[in-house]
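Undergrad: One structure, pasted below without further comment.
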Amino acid sequence: MNHFGEVTRLLSMEGATHLYSSPPSMLTPADLYHVKDNPAHRAMLAGCNIYLIVRRQRIYLNPEILSRNGRVVSGEFLVLRQHGMTRVPFTYEICLPTISSGLEILDITLAPNGSAMIVNTSGGGQMIAVNVIVAGAQSELMPDDTDMEVLYVGQSIGQANSLTALDRLLSHTKFQQILAENSTHSPEREILLLLCRFEHGRT
């Protein structure tokens, strides 16, 4: 989302988030249920009051190619392009705040379906979803590979409550409809959530 001049916006609120919000937090739908009871993760999302439901072509990790040098991982993304599945090399430094720099990384493995990387440390295992790796990796992915289609923009703070975007999405009828329709009609595309902090509420 760095090529702002090439972006087509369907909703004015989508553009406003770039002007008035700090960078968004990205979650998968499954992440909602992992973080809702985790105080540390909830604290990180506490200020998020605007959410975008988006989708893009699925990107996988190639389970056949993976190596590690310290905290730097080298591998391949698998991307469906016009001429078929394409391999795109990447390098990614493991630097998530949930994996302390003081913890020794014992080994890394990939989920068999290529949807995540599992980092085994001296303090336990940690799963890193492919969308997190795509966002932080150095690779030659094309803008068409990572472009997101905005399906819905919503707010969590209204006149009578102060729910966070996380709370709102956990009981969101439209979100459930989007998931159901995407699963049936566009299984090759993944649904992602962008949680933003619209920090100039009066504006």
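Undergrad: Residues in segment 179-196 that are at pLDDT 90 or above, out of contact with any Lys or Arg (no Cβ under 9 Å at 6 or more places or on another chain) and open to solvent by less than 70 Å² (accessible area, probe 1.4 Å): how many?
TA: 4
Undergrad: Considering segment 109-119 alone, what residues qualify as being in a strand (DSSP E or B), open to solvent by less than 50 Å² (accessible area, probe 1.4 Å) and out of contact with any Ser or Thr (no Cβ under 6 Å at 6 or more places or on another chain)?
TA: If the condition is that a residue be in a strand (DSSP E or B), open to solvent by less than 50 Å² (accessible area, probe 1.4 Å) and out of contact with any Ser or Thr (no Cβ under 6 Å at 6 or more places or on another chain), then L110, A116, M117, V119 are the ones that fit.
Undergrad: Does M127 fit the bill of being under 14 Å from the mean Cα position of the chain (by Cα) and at pLDDT below 90?
TA: Considered against the rule, which asks whether it is under 14 Å from the mean Cα position of the chain (by Cα) and at pLDDT below 90, M127 comes out as yes.
Undergrad: Return the residues of segment 85-108 that are open to solvent by less than 20 Å² (accessible area, probe 1.4 Å) and at pLDDT 90 or above; say none if nothing qualifies.
TA: Result: V88, F90, Y92.
Undergrad: I've got another one for you. Anything in segment 36-68 that is open to solvent by 40 Å² or more (accessible area, probe 1.4 Å), under 20 Å from A135 (Cα atoms) and free of Cβ contacts under 8 Å to residues at least 60 places away in the same chain? List them, or say none.
TA: Answer for segment 36-68, where residues must be open to solvent by 40 Å² or more (accessible area, probe 1.4 Å), under 20 Å from A135 (Cα atoms) and free of Cβ contacts under 8 Å to residues at least 60 places away in the same chain: H41, M44, P63, I65, L66, S67, R68.
Undergrad: Going through segment 15-35 one residue at a time, which ones are modelled with pLDDT under 80 and either touching a His at 6+ places or on another chain (Cβ under 7 Å) or surrounded by fewer than 17 Cβ atoms within 10 Å (Cβ to Cβ) (or both)?
TA: Once the filter is applied, which keeps residues that are modelled with pLDDT under 80 and either touching a His at 6+ places or on another chain (Cβ under 7 Å) or surrounded by fewer than 17 Cβ atoms within 10 Å (Cβ to Cβ) (or both), segment 15-35 yields G15, H18, L19, Y20, S22, P23.
Undergrad: Here is a further query. Looking at segment 133-178 only, could you name the residues that are of a type in the set (A, V, I, L, M) and modelled with pLDDT under 90?
TA: V153, I157, A160, L163, A165, L166, L169, L170
The values are calculated or read from the model by the stated rules, or taken from the named source; none is laboratory data. Worth saying up front: this structure is predicted, and the values here are computed from it rather than measured. Cβ sites come from the backbone with ideal geometry, for glycine too, and all protein chains shown count toward neighbours. Accessible surface areas use protein heavy atoms only, side chains included; no ligands, DNA or RNA. Shrake-Rupley method; radii C 1.70, N 1.55, O 1.52, S 1.80 Å.
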